[in-house]
Amino acid sequence: MKTINSNELLEQLNWRYATKQFDSNRKINASDWATLEEVLRLTPSSGGLQPWKFIVVTDPAVRAKLHPASYNQPQIIAASHLVVFAAKNNFSEADVDAHLKNVARAQGVPEESLAQYRGMLVGGIVQSQDEAARNAWARNQTYIALGNLLTSAALLGVDACPMEGFDHAQYDEILGLKVNGYSSAVIATLGYRSPTDKYAGAPKVRFTREQVFLHV
């Protein structure tokens, strides 16, 4: 297994920032984008349940519709790619069963052998929470995928900006999410920074280690 060293990792994480201005003339190549989609697919989730969809928006006409629903933030238009992280609404036993079919197929085991696992998932996630709590749980899962994407993009030298400033209802309507059982949770724009983005060279502002770590 090939790994990068600690200095390389920290160098890339210090290099990344929430890009405010993208170079609209630079696009992420197909190979790198395919890698980033696979990164999203490989993201871990609670129980392995993956209660999400990732909507990749590259169509300029759709971006133009989403722009005012994003408070006219320029990244929506200028970035190479826009990803909308959508969470599954009203996660149910049927969704658990769909996951278990995949587990059985991937691991080459009968579905009946997963009965104990099913009971844990249904009891811990579906039956123990009401619909609002399950929706909140699903939204929280999308942030794991977002973090995975941001770090992986930085390792590839791709800029990104996580964004919560958008009208969720308008996004859901424009992208037809609600009718398919999903709701937008968070978005990210990706591409390459503009040389005129003044924030690119700004020092990172983080709390000290003493302020954020507690060792017990």
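How much length, in nm to one decimal, is gained on full extension between Ile4 and His215, taken as 0.36 nm per residue of separation minus their Cα-Cα distance?
That pair, Ile4 and His215, stretches by 73.3 nm at full extension.
For the chain, would you read off the P(r) tail past 28 Å as a percentage of all alpha carbon pairs?
Percentage above 28 Å: 39.
Going by the alpha-carbon gyration tensor, a ≥ b ≥ c the square roots of its eigenvalues, is segment 1-129 rounded (a/c under 1.5) or, if a/c is not under 1.5, prolate (a/b greater than b/c) versus oblate?
The shape class here is prolate.
Given the pairs Lys27/Lys88; Lys2/Lys27; Lys53/Lys178, which are separated by over 20 angstrom at their Cα positions?
Violating the 20 Å Cα-Cα cut-off are Lys27/Lys88; Lys2/Lys27.
Multiply the residue separation of Thr58 and Glu93 by 0.36 nm, subtract the distance between their alpha-carbon atoms, and state the gained length in nm to one decimal.
This chain segment gains 9.2 nm when fully extended.
For Ala185, list long-range residues whose amide hydrogen, built 1.01 Å from N in the peptide plane, is under 5 Å from its own amide hydrogen.
Phe85, Ala86, Ala87
Could you work out the helix-only [θ] at 222 nm for the chain, with each DSSP H run of four or more residues adding -39,500 (n - 2.57) and the total divided by the number of residues, to the nearest 500 deg cm²/dmol?
Calculated from helices alone, the mean residue ellipticity at 222 nm is -12500 deg cm²/dmol.
Bear in mind that the values in this text are calculations on the coordinates, not laboratory data. Remember, it's a predicted structure, so these values are computed and weren't measured experimentally.
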